[in-house]
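Quick note: the coordinates plus some simple rules give every number you see, no bench work behind them. Keep in mind that what you see is a predicted model, and the values were worked out from it rather than measured. No Cβ is skipped: glycine too gets one built from the backbone with ideal geometry, and neighbour counts run over all protein chains shown.
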Amino acid sequence: MPSASSTNGHAANGASKKVAADAAESTVLGQDFTASVIKSMGEKTSPRMREVMSSFIQHIHDFAREVNLTVDEWMMGVEMINASGKMSNETRNEGQLMCDVIGLESLVDSITYAEAVKSNQPLTASAILGPFWRSDTPTRPNGTTMTFDTPADGIVAFMYGQVTSAETGKPIAGAVVDAWECSTNGLYEQQDPNQQEYNLRGKFITDAEGRYSFYCLRPTPYPVPGDGPAGKLLDLMDRHHWRPAHIHLIIEAAGHKAVTTQIFDSASNYLEDDSVFAVKENLKVDFVPRANDPEAKFELEYNISLALDPKA
Ligand code: MBD
Ligand code: FE
């Protein structure tokens, strides 16, 4: 653990007032101060809370020491957090987006699912939820559409597949496939007054053979919104806002572990430099031309394999 106290020797300059001031400061600057903040937790805190907060305090103090964080810089961070909160609601989560652009949601997702990846079962890989999921998306019949305000440059695709159990390989009936995507203008329905509510969102329930299907847009690249602190942070770091073309999915079935994921059009730009670091090799999919369907130019078969929930 690097200690800041070694860098505090500048007090030895003879001026007694300055020595006293520096001595007081060095207690706050040093590891003793950090330890005292950690030790101030009471005995009623849970073991996990103690573990998480001890480490958090340690790292954030060390971070401030390492970069010599100034009051102005720290206040800029505080203001970004406050601004994130103010623009967040049921349909937009800016705090989450802030975490996304620094790779934190992807890291936490990978940590959470590391266990599942270790198993030899052919599980569908997870990916981050992102800030635009809605809890109240309507259920729609299989074979129907979720693109209602299809723009002139939109390409309709038919997406279908089967949900199976990784344990048995058997189809899962009654699984819920919750899908959402943005339109070609790079806006999710709740960001765009010109799209009807719940456009490009739907929940589809698998039939007796575990099958689901729907019409959607072939996804297009998408810029992380620039109207809030996450966009500002990207600009300050001189990074672009783009995400590769993706469709979000949450698949849930009784007795199984739900999976939150995204699939990425393998023909898209930005697969190598996703602004939120969510692309995984096995989540890239190939849209192929669809024959004999006036409703859709492309199709995508996407099958999903769920792990049993040991708690169920
Ligand atoms: C998105 O559309 C998204 O999916 C993520 C993860 C972050 C920002 C915007
Ligand atoms: Fe998204």
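What is the gain in length, in nm to one decimal, between Ser135 and Thr168 on full extension, counting 0.36 nm per residue of separation less the C-alpha to C-alpha distance?
8.9 nm
Mind listing which GluC sites (Glu not before Pro) in the stretch 62-105 are in a DSSP loop and have 13 or fewer other Cβ atoms within 10 Å?
Glu90
Given points 7 Å out from each Cα along the Cα-Cβ axis, report the Asn68 to Ile155 separation in nanometres with one decimal.
5.3 nm
Which ³J(HN,Hα) values in Hz, rounded to whole numbers, follow from the phi angles of the stretch 78-87 under the Karplus curve 6.51 cos²θ - 1.76 cosθ + 1.60, where θ = phi - 60° and Gly and Pro get x?
Each residue of the stretch 78-87 in turn: 4, 5, 5, 5, 4, 5, 4, x, 5, 9 Hz.
Compute the semi-axes of the equivalent ellipsoid of the stretch 199-312, taking the square root of 5 times each eigenvalue of the Cα gyration tensor, and list them largest first in whole Å.
Equivalent-ellipsoid dimensions as semi-axes: 29, 21, 13 Å.
What GluC sites (Glu not before Pro) in the stretch 228-309 are in a loop by DSSP, with at most 15 other Cβ atoms within 10 Å of the Cβ?
Listed in order of number, the matching sites are Glu272, Glu295.
Output ³J(HN,Hα) for the stretch 275-287: one whole-Hz value per residue in order, computed from phi by the Karplus curve 6.51 cos²θ - 1.76 cosθ + 1.60 with θ = phi - 60°, and x for Gly and Pro.
Ordered by residue, 3J(HN,Hα) equals 5, 10, 6, 9, 6, 10, 3, 7, 10, 7, 10, 10, 6 Hz.
For a Förster distance of 25 Å, can you work out the FRET efficiency between the beta-carbons of Ile60 and Lys86, rounded to the nearest 0.05?
So the FRET efficiency works out to roughly 0.65.
Above 32 Å lies some portion of the pair distances; for the chain, what is it as a whole percent of all C-alpha pairs?
41 percent
Just to be sure I follow the definition: excluding the sites themselves, where is the longest run in the chain that has none of the trypsin sites (Lys or Arg not before Pro) in a DSSP loop with at most 10 other Cβ atoms within 10 Å?
45-310
Among Ser55, Ser110, Ser135, determine the one that fluctuates most according to a GNM of the chain built with springs between C-alpha atoms less than 10 Å apart.
Fluctuation is largest for Ser55.
Can you count the Lys pairs in the chain with C-alpha separation below 23 Å, eight or more apart or on different chains?
Within the chain, the lysine pair count is 16.
Can you divide the C-alpha Rg of the stretch 45-104 by 2.2 N^0.38 Å and report the result to two decimal places?
Dividing the Cα Rg of the stretch 45-104 by 2.2 N^0.38 Å gives 1.36.
When every alpha-carbon pair in the stretch 59-138 is counted, what percent end up more than 17 Å apart?
Result for the distance tail: 64 percent.
So how long is each side of the stretch 67-220 along the principal axes, counting just the alpha-carbon atoms, biggest first, in Å?
61, 44, 25 Å, listed from the longest principal axis down.
Note down the nm distance, to one decimal, between modelled labels 7 Å out along Cα→Cβ at Gln121 and at Ser46.
In this crude spin-label approximation the distance works out to 2.5 nm.
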